[in-house]
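What follows draws every value from the coordinates through simple rules; no lab data is involved. Predicted model, so just to flag it, every value in this text is computed and none were measured. Every residue, glycine among them, receives a Cβ derived from its backbone with ideal geometry; neighbour counts consider all protein chains shown.
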Ligand code: PMP
Ligand code: GLU
């Protein structure tokens, strides 16, 4: 009998974090690895946010906060939802958590019963599937392709719905594809969901501020679907605050109440100091994120241009986030020395060993033909990384 629970034995490790751990270990051994596996901005957290945190410490704001987050912060997030997304969430419809990761886990664990199905378009962010499995739900995936810009159609969605479907979870801008759903595309998805009573959507909008296509659109903006949407967001990506661990939801009150109850047993309110930093970020004019977004776009164009020079690689043009999800299936069946490439996982290990570049294999996101390249690092490193990938791939025959 296993000493550990079936629950943990059946849980896959987060492959984004596993690859990052591996590259940190190699770096600690003195190997010059370029780590493009973790999705986090390389920018420093803006000074005004850091100052707010320092002030919180100096003011002894260091005790337990309300489970759902300090009222001031929830009020500021409520104003932010209206200001940036035209969404009306009162402060008591907002729950602040230890990263958007916990926000998503709260919702899934609060809403999904064993045996209920959760629709997840491919490619998906790694943690959706495992969290659904933890809730004993059944992930039902919808395939997409590079040709459709990795977006699902309303017809595909309708086909995937069964009497057991509880919800759909997706991200826009998407990790890992960078795809951004337009207002019309979101409306078409909402029009399918609304035909089925008791069907919900988790709309993960953590990359809201990293959008090169124009204005960010939230699916909850359509009045007819508002009651069925849980909008997830956070400070990690747009404000370069990954380590502060602040995510949040806006949701119908019965769902935010459930998430508060769940969180009250797992973690309580998140760090009081981080909440004061997040308050500064939430109140800030969103234009503070624009400079970083422009820089990401420059890097995207740089990497897309460089990847074009590598034979066999297929890319689309991602409109947001900071990832390129490119097709590398051309290299399957090829070999170099002891390395035989049968899938994206083999290729990621090969690129780590021979190219000293850490990317995440597409199977982690549900599409084994692809690899995820995070371009959230300096131009010099990006140029060097693509050069290394190109050289390593050229050895495969
Ligand atoms: N959703 C998506 C799509 C993500 O890429 C991530 C990871 N950064 C998260 C949620 C979780 O973010 P956080 O760091 O706020 O937990
Ligand atoms: N979300 C980021 C990524 O996809 C951070 C790592 C993680 O939490 O999965 O790389």
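Key figures for this structure:
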{"item": "Tabulated pairs, segment 209-231, first within 19 Å of residue 322 (Cβ to Cβ), second assigned to a strand (DSSP E or B), C-beta under 8 angstrom, 6+ apart or interchain", "result": "210/320; 211/320; 212/320; 213/320"}
{"item": "Residue within segment 200-210 that is away from ligand 1 (no atom under 16 Å from the Cβ), surrounded by fewer than 21 Cβ atoms within 10 Å (Cβ to Cβ) and farther than 27 Å from residue 276 by Cα present", "result": "no"}
{"item": "Answer residue from segment 353-382, given it is touching a helix residue (DSSP H, G or I) at 6+ places or on another chain (Cβ under 7 Å) and part of a helix (DSSP H, G or I) and is surrounded by the fewest Cβ atoms within 10 Å (Cβ to Cβ) among those", "result": "379"}
{"item": "Those residues of segment 31-79 which are surrounded by 15 or more Cβ atoms within 10 Å (Cβ to Cβ), part of a loop (DSSP other than H, G, I, E, B) and more than 16 Å from ligand 1 (Cβ to nearest atom), in sequence order", "result": "33, 46, 61, 65, 66, 67, 68, 70"}
{"item": "Test: residue in segment 43-55 that is more than 16 Å from ligand 2 (Cβ to nearest atom), under 23 Å from the mean Cα position of the chain (by Cα) and either free of Cβ contacts under 8 Å to residues at least 24 places away in the same chain or within 21 Å of residue 259 (Cα to Cα) (or both)", "result": "no"}
{"item": "Complete set of residues in segment 212-238 that are within 16 Å of ligand 2 (Cβ to nearest atom) and under 17 Å from residue 83 (Cα atoms)", "result": "232, 233, 234, 235, 238"}
{"item": "Candidate set: segment 232-254, residues that are assigned to a helix (DSSP H, G or I) and under 21 Å from the mean Cα position of the chain (by Cα); chosen: the one nearest to ligand 1 (Cβ to nearest atom)", "result": "242"}
{"item": "Within segment 5-30, considering residues that are over 14 Å from residue 134 (Cβ atoms) and in a loop (DSSP other than H, G, I, E, B), the one farthest from ligand 2 (Cβ to nearest atom)", "result": "30"}
{"item": "Strands (runs of 3 or more DSSP E) contained in segment 94-173 and holding at least 1 residues within 25 Å of residue 210 (Cα to Cα) and within 15 Å of ligand 1 (Cβ to nearest atom)", "result": "94-97, 117-121, 165-171"}
{"item": "Positions within segment 80-93 being assigned to a helix (DSSP H, G or I) and either within 16 Å of ligand 1 (Cβ to nearest atom) or within 15 Å of residue 259 (Cβ to Cβ) (or both), in sequence order", "result": "80, 91, 92, 93"}
{"item": "Counted residues, segment 372-384 - those being in contact with a strand residue (DSSP E or B) (Cβ under 7 Å, 6 or more places away or on another chain) and within 13 Å of ligand 2 (Cβ to nearest atom)", "result": "4"}
{"item": "Cβ-Cβ under 6 Å pairs, at least 6 apart or on other chains, segment 17-36 side touching a residue at least 24 places away in the same chain (Cβ under 8 Å), far side within 16 Å of ligand 1 (Cβ to nearest atom)", "result": "19/37; 19/360; 20/37; 20/38; 23/35; 36/359; 36/373; 36/374"}
{"item": "Qualifying residue in segment 257-264 (condition: buried (at least 23 other Cβ atoms within 10 Å of the Cβ) and either farther than 21 Å from residue 128 by Cα or within 11 Å of ligand 1 (Cβ to nearest atom) (or both))", "result": "no"}
